[in-house]
1. Hey, got a sec? Which trypsin sites (Lys or Arg not before Pro) in the stretch 403-477 land in a DSSP loop and have at most 15 other Cβ atoms within 10 Å?
2. Using Cβ counts within 10 Å as a stand-in for footprinting exposure, how do SER588, SER622 rank, fewest first?
3. The stretch 327-459: percent of C-alpha pairs farther apart than 24 Å?
4. Could I have the simple spin-label model distance between GLU523 and LEU484, label points 7 Å from Cα toward Cβ, reported in nm to one decimal?
5. Of the chymotrypsin sites (Phe, Trp or Tyr not before Pro) in the stretch 322-428, which ones lie in a loop per DSSP and count no more than 15 other C-beta atoms within 10 Å?
6. Quote the FRET efficiency, to the nearest 0.05, computed for LYS705 versus SER293 with a Förster distance R0 of 30 Å and r equal to the Cβ-Cβ distance.
7. On a full-extension model of 0.36 nm per residue, what is the gain between GLU93 and SER11, subtracting their alpha-carbon distance, rounded to one decimal in nm?
8. Across 10 Å bins from 0, what is the distribution of all Cα-Cα pair distances for the stretch 495-582, in whole percents?
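Bear in mind that the values in this text are calculations on the coordinates, not laboratory data. If you're wondering where the values come from, they're calculated on a predicted model, not measured in any experiment. Cβ placement follows ideal geometry from the backbone for every residue including glycine, while neighbour counts extend to all protein chains displayed.
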Amino acid sequence: MRVEELPLHHSLLAAVRNSGISTLFPPQEEAFRSGVLEGDNLVLAVPTSAGKTLVAEVAILKSISEGRGRALYLVPLRSLAREKYLDFNKYEEIGIRVAISIGDYDSAVSDLRQADIVVMTTERADALLRHYPDYMTGVGIVIVDEVHLINDTHRGPTLEVLVAKMRRLAPQIQIVALSATISNADEIAKWLDARLVRSDWRPVPLEEGVVLEGDIYFANGRVESFRRRRYDDVLDLVMDTLDGAGQILIFVSSRRNTMALARRVAPVVRTYLQESDARTLEKIAQRLVARPSVSETTVALANVVRGGAAFHHAGLTNSERAVIEELFKANALKAIVATPTLAAGVNLPARRVVIRDYRRYEADRGNRPIPVLEYKQMAGRAGRPSYDERGEALLIAKTPEECDGLLERYVLAETERIRSRLADQDVLQFHLLATIASGLTQKRREIDDLVAQTFYGHQYKIHQIEYEIDSAIEFLIAGELVKLDGQQYLATPLGERVSQLYIAPSTALLFRDLLGKRRDITEIGALHMLCHSQDQPLAYVTRSEIDELELFLETHLDELLLSPPDSWDEEEYGRFLGELKTARILMSWISEETERSITEQFSVGMGDVHRFAQSAEWLAYSASEISHLIGAFDLVRPFRELQSRLKYGVRAELLPLVRLRGIGRVRGRMLYQHGFKSVSNLVEASVEAIARVPAIGTRVAEALKAQITEYDSAGGNAAVEIEDGELSDLQLSLEDFL
């Protein structure tokens, strides 16, 4: 079937053809014959690169052209949201307005009502409906990308509750759910009242197998050998791939392993680099380490990038991960060693995917085999459309017995059945408070009906989960977040604000109870309180760090708002030490310690520091809001100031400076030390005087002076802030980075 045969206006067809698409893949053709273009719901369960996004795009274009309302495109990750947003921008040429919303959970709806296509993360969409449930009245179609992540403990419950709320608020909406191939896709289709199109077809055939001492044992029984030069299966596979001008992704179990293996891979890859690629990579490497006092991890990354390889994990900063991905897409980097998180991110196909480690360490459980679905997600990256005739996904075995076991456990196995994760009490409390506060459910029957519309309610009968609902409601009432008025459940003012803040009810009650008692709160006391909440991600504590943390605890015990649990309770005590370590990391961040100092002292990556700080920033804002609600007015300003310091990573005196565009913590401190302690000092100074400050220069000084004029005319409101060395998340490119 050709694109011209699709029932779209000629201008829309031209926009699709301009993307380089002329002929449809078999799963796409089957999807378009399913009724999706007539408004029917669809679950499309096909492998990576089989054309899921095009089906969604055409369904969106048809819906918009028929005036059925705007389109929402839901994704699980910010990186995916950015990728889709930039891709959909091609439709701006034909007058279709595209927007993205991945910001603070408390942001206003702004111009999202004016856009035709809005790309959102699942959590952002859920937060939006807590503020503006009427937003759904203008929505005609919702695309749910990666719907199989309902199986994810953290993201899954929000996704299924969001879908249930959307169908409740706008019964007319069309839902198109995109998924990897999963064993119970039919069950998801029944839940969504959708047609199911399921296929294993791929544009680049995938061959899966297991490697043992230079031989590849494929699922179909074929055995293929490759040349052994280093007598290390991974390194020999890298060389074999590069001999054929391919690219390779290698998945390992930990961050430490990504760095160690990348160091071994880079010298091998270096010998294959073209001169032009080597020049590009050298510029990138120099740019990575251009900032003062960068972390050892960044230095290590720059060194392997010079050799045409890279490592990729969550400890890297957003800009570091983004530039690695762009370099790989441009075929400048030939090999990436990554943790499995890369498989759930942006689309990075490679000729070969090697899963070296199929076991992963889990706290309290030891080394466990990864799920089949996770393996299939990694394997699905193999095969570059338009470049490769086939893709290979290979596991590594050390013995013949292990080889047979891996073939049976992963290569020949079906993925696990997707199931709901909504039964957790904390999760139910979180979402039931939101539906009550927004007015969506105020009677028990309405609550039961909404839960019945979730995947949880589809998999279990309502009488099986009534106890869980009862317990969640009782918790909300006992915490005075919800009250029962006759037959109606109503959110209290605190409950309503907690729902809007998008924090867990238990977090809100923790803040309310502690802030209502104490006024003499120090920085470490406030930071530890934020870290004690269930909404704050925590740093991992190694055995070697315990003694130092216990000494710190003893020294600062009087400042903490919470008493430590008994040390015999290993789980609770271990978590408490993790909270303390994370609080110390945040303290170092707002005290302007260098990246190298923080990462080396606490054995974390700057990506971790940014993630900890971003979460704590929002929690500090939430603490200020709760302080206001409970009448602790003297705590509002300190928590607002803490919020800003966490955002920028500075001491309080730098806040006026770092709010200026292009002035981060490093430049801000330089300006301050050279006498420019306020915006008014900059107003009075010449460009030449500002330019003489180290790390500033003429270009930045001129931009600052121009911005100050804008600042004054706007009544003291500076524009968007960009941290030193960071790039715009939405417009990052190799040209920008160079």
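1. Working: sites: ARG409, ARG417, ARG419, ARG421, LYS443, ARG444, ARG445, LYS461; in loops: ARG417, ARG419, ARG421, LYS443, LYS461.
Hits after loop and neighbour filter: ARG417, LYS443, LYS461.
2. Details: SER588 18, SER622 26.
Starting with the residue having the fewest Cβ neighbours, the order is SER588, SER622.
3. On the way: 4580 of 8778 pairs.
In whole percent, the long-distance tail amounts to 52.
4. Distance between label points: 4.8 nm.
5. Numbers: sites: PHE328, TYR358, TYR361, TYR375, TYR387, TYR410; in loops: TYR358, TYR387.
Qualifying residues, ordered by number: TYR387.
6. The calculated FRET efficiency here is 0.60.
7. Details: separation 82, 0.36 × 82 = 29.52 nm, distance 1.01 nm.
Net length gain for the segment: 28.5 nm.
8. 16, 47, 29, 8, 0
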